[in-house]
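The values are calculated or read from the model by the stated rules, or taken from the named source; none is laboratory data. Worth saying up front: this structure is predicted, and the values here are computed from it rather than measured. With ideal geometry, Cβ positions are generated from the backbone for all residues, glycine too; neighbour counts draw on all protein chains shown. With ligands, DNA and RNA removed, areas are computed over all heavy atoms of the protein, side chains included. Shrake-Rupley method; radii C 1.70, N 1.55, O 1.52, S 1.80 Å.
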Amino acid sequence: MISADQGRYDKRLLYRYLVILGIWTLLWKVTRGYVAVVLPVYLLSLIAQKRAVDLFFWVLLLILPSVGNPYFFPTGSVTTLVTRLTLASISILLMVRIAGKGTSRALRPMLGILIYIAWEALVSIQGYSPVISYLKILLFVPLYLALYAIAYDVTNSPRANARQIRTVVLSVCIFFIVGSLVLTRFPGIGQMAAMRQTMSGADASEVVRQLAAGEGTSLFCGMTAQPQALGPIIALMATLLFADYVFAIRRKDWLYLGLLLSCPILIYKTSSRTAMGAYIAGMGMVVFLFMQAHAVGQRWKGKVLMTVFALGVLACVAVIIVPGVRQRALRYVLKFSSGGVTTRDLSVERLTSSRQALVDVSLAGFRRKPVWGNGFQVGWWMAHERRRGLPSYVSAPIEKGVWPTAVLEEGGLIGLILFSGFLLVVIPTLIKRHAYCGVCVLWTFTFSNFGEFDFFTMSYLGGFG
């Protein structure tokens, strides 16, 4: 755990990273992503100079376009290929460099997921579409190891410190949170339907007018490609910021407080119930661990817990007593854009209806091969699809819904045991080793996968989470 003395960030470095983020976004938009072609040489120089913190920052920037708003981050097959090859190359170089040096106690448990991947590699031989499964495994493993190696490099570099690492993460959080808040005033870019019409060259003014009048059905995506991305990302960032704030900063910081207060607003605007549930679960885990922590001063602990309790009571009272707030809460939960709703409209069927079809498909696949499963990140329809070229195989979309049934379909009972075993080992181990920020983020990400299974999409939320 980071001590209170280290629990601050470098403001000058933060400004520098924010300026780079702005320039990077501008260059990506102007060049339509081809700026990524010149980045591998620079990243190689960072590796050679052992500048672990800067490498960490630039790798996050390299992943950013995969989840970013396509208005700012248009992508094509060339830029996608360059990005993935660059990350794979970094993975190989860094893994070679750290080979034989042992592993960090906090990071070592994360390698356990490779046991599950090995099982998936075995069962994918007889799966729906072995070619797609193996290409997705080849995409996942190098990128996962790249992030692992960079995390190892950062935590073990004599030139890195907690302030610098925190500054990198904080700059990316500001980019997404503040950027998304700004885009609430620009529905032509920040709202999904209007943004897509703008990107296609059509006039989005009518969509914007409907949204302003409350007539539209588009959802807010902010600085990301879609609401299903923005919601979970903000939930993860909120959990990380809150955990870092209470365990490490341990003093009033207006930047952290402003970002934390903005997060539930942005999640509400996405209309993502899964993201809100993940946000609540993440906040709850932070509070639970904070209550158990012995290395935190009682005065600071009392302030934080009283504030959280007061905000929780205020929110509950508002929902119960204030009719307008209650209506908004019910419409949010039931996904009603307008009209009056009551608590009698609440039911398990309505709450689960958006994912039930995906769950049923996964369970049907599981019943076909309950022990072995049907292969990594594929569905039954992929067995009959005709594809053109390697990019079509690599980017084959898959949507599975909740992770327990998705894992059952892909890896069978054995796969579920291995994946669940990974979580049941890693989460208590990280808690025992006081890696509170890491365990809270993993907990939140696992919870968000009850709505959309993107744990292994390293080119999307899996890589960013």
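Would you please classify the overall shape of segment 32-101 from the alpha carbon gyration tensor, given that a ≥ b ≥ c denote the square roots of the eigenvalues, rounded means a/c under 1.5, and beyond that prolate means a/b larger than b/c while oblate covers the rest? Here segment 32-101 falls in the prolate category. Counting protein heavy atoms only, segment 231-292 has 71 percent of its accessible area on carbon and sulfur, 1.4 angstrom probe.
For the residue pairs K11/K50; K252/K432; K29/K400, the C-alpha atoms sit more than 29 angstrom apart in K29/K400. With all protein chains in place and ligands, DNA and RNA left out, the 1.4 Å accessible area ranks V439, V35 as V35, V439, largest first.
A crude spin-label estimate for the pair V313 and W381, with each label 7 Å from Cα along the Cβ direction, gives 5.1 nm. A straight chain from W300 to Y34 at 0.36 nm per residue would run longer than the Cα-Cα distance by 90.9 nm. For a Förster distance of 22 Å, can you work out the FRET efficiency between the beta-carbons of Q126 and E399, rounded to the nearest 0.05? The calculated FRET efficiency here is 0.45. Within the shell of other residues whose beta carbon sits under 14 angstrom from the beta carbon of V172, the net charge comes to 0, with Lys and Arg scored +1 and Asp and Glu -1.
Residues whose amide H lies under 5 Å from that of T224, counting only those 5 or more places away or on a different chain, are N69; hydrogens are built 1.01 Å from N in the peptide plane. The peptide list 301-311, 143-153, 9-19, put in order of mean Cβ contacts within 10 Å with the highest first, becomes 143-153, 9-19, 301-311. Counting only protein heavy atoms and a probe of 1.4 Å, the accessible surface of segment 77-142 is 77% carbon and sulfur. These residues, C316, C437, go from largest to smallest accessible area, 1.4 Å probe, as C316, C437. Considering only the other residues whose Cβ falls under 15 Å of the Cβ of L305, what net charge follows from Lys and Arg at +1 and Asp and Glu at -1? Residues close to L305 contribute a combined charge of +4.
Sequence gap at least 6, Cα distance under 8 Å: using those rules, report the relative contact order of segment 73-173 to the nearest whole percent.
Once normalised by length, the contact order is 42 percent.
Based on protein heavy atoms only, segment 39-174 ends up with 40 Å² per residue of surface accessible to a 1.4 Å probe. Protein heavy-atom accessible surface, 1.4 Å probe, per residue over segment 232-339: 50 Å².
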